[in-house]
Amino acid sequence: MVDEFHPQLLISDLEMPEMDGGELLAKLRGRTGADANITSLCISGTTDPLSRTRCEATGFQHFVQKPVSLPAVLGLMEMANVSPWRAVGYW
């Protein structure tokens, strides 16, 4: 399914059990086409000040501390010209 889905926006947690957000972003950006320029938002529940630095180091463009607010996500989508009605996808 991942190979067939080409999202406009990636919202991913920094730390996940099997693949962290940076690895997921690298896989998407490694594909040809529009995925190479995907807008990315890293979220993290850790209070470690290095979380933002880790997200930036792995290629994420934006960072939000949990809990994530809907206005923050919608503002990012508007900035990136991503329609909330076309951005829904699940893996």
- Item | q = 0.12, 0.16, 0.25, 0.26 Å⁻¹, segment 9-79: log10 I(q)/I(0) [Debye, one scatterer per Cα] | -0.29, -0.52, -1.17, -1.23
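What length, rounded to one decimal in nm, is gained on full extension from Thr47 through to Met19, with 0.36 nm per residue of separation minus their alpha-carbon distance? Walk me through the numbers before you get to the answer.
On the way: separation 28, 0.36 × 28 = 10.08 nm, distance 2.05 nm.
Stretched fully, the Thr47-Met19 segment lengthens by 8.0 nm.
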- Across segment 42-56, in residue order, what do the Karplus-derived ³J(HN,Hα) couplings come to in whole Hz, using 6.51 cos²θ - 1.76 cosθ + 1.60 with θ = phi - 60° and x for Gly and Pro? 9, 10, 8, x, 6, 9, 5, x, 7, 4, 4, 4, 4, 4, 5
- Message: If amide hydrogens are placed 1.01 Å from N in the peptide plane, which non-local residues have theirs closer than 5 Å to the one on Ile11?
- Response: Leu41
- What ranking, highest mean first, results for peptides 52-59, 9-16 when packing means the other Cβ atoms within 10 Å averaged over each residue? 9-16, 52-59
- Message: Looking only at segment 9-79, where both bridge partners belong to it, what percent of the DSSP beta bridges are antiparallel (to the nearest 5)?
- Response: 0
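Read-outs throughout are calculated quantities, based only on the coordinates presented, and are distinct from any laboratory measurement. Everything numeric in this text was worked out from a predicted model, so none of it was measured. Cβ atoms come from the backbone with ideal geometry, glycine included; neighbour counts cover every protein chain shown.
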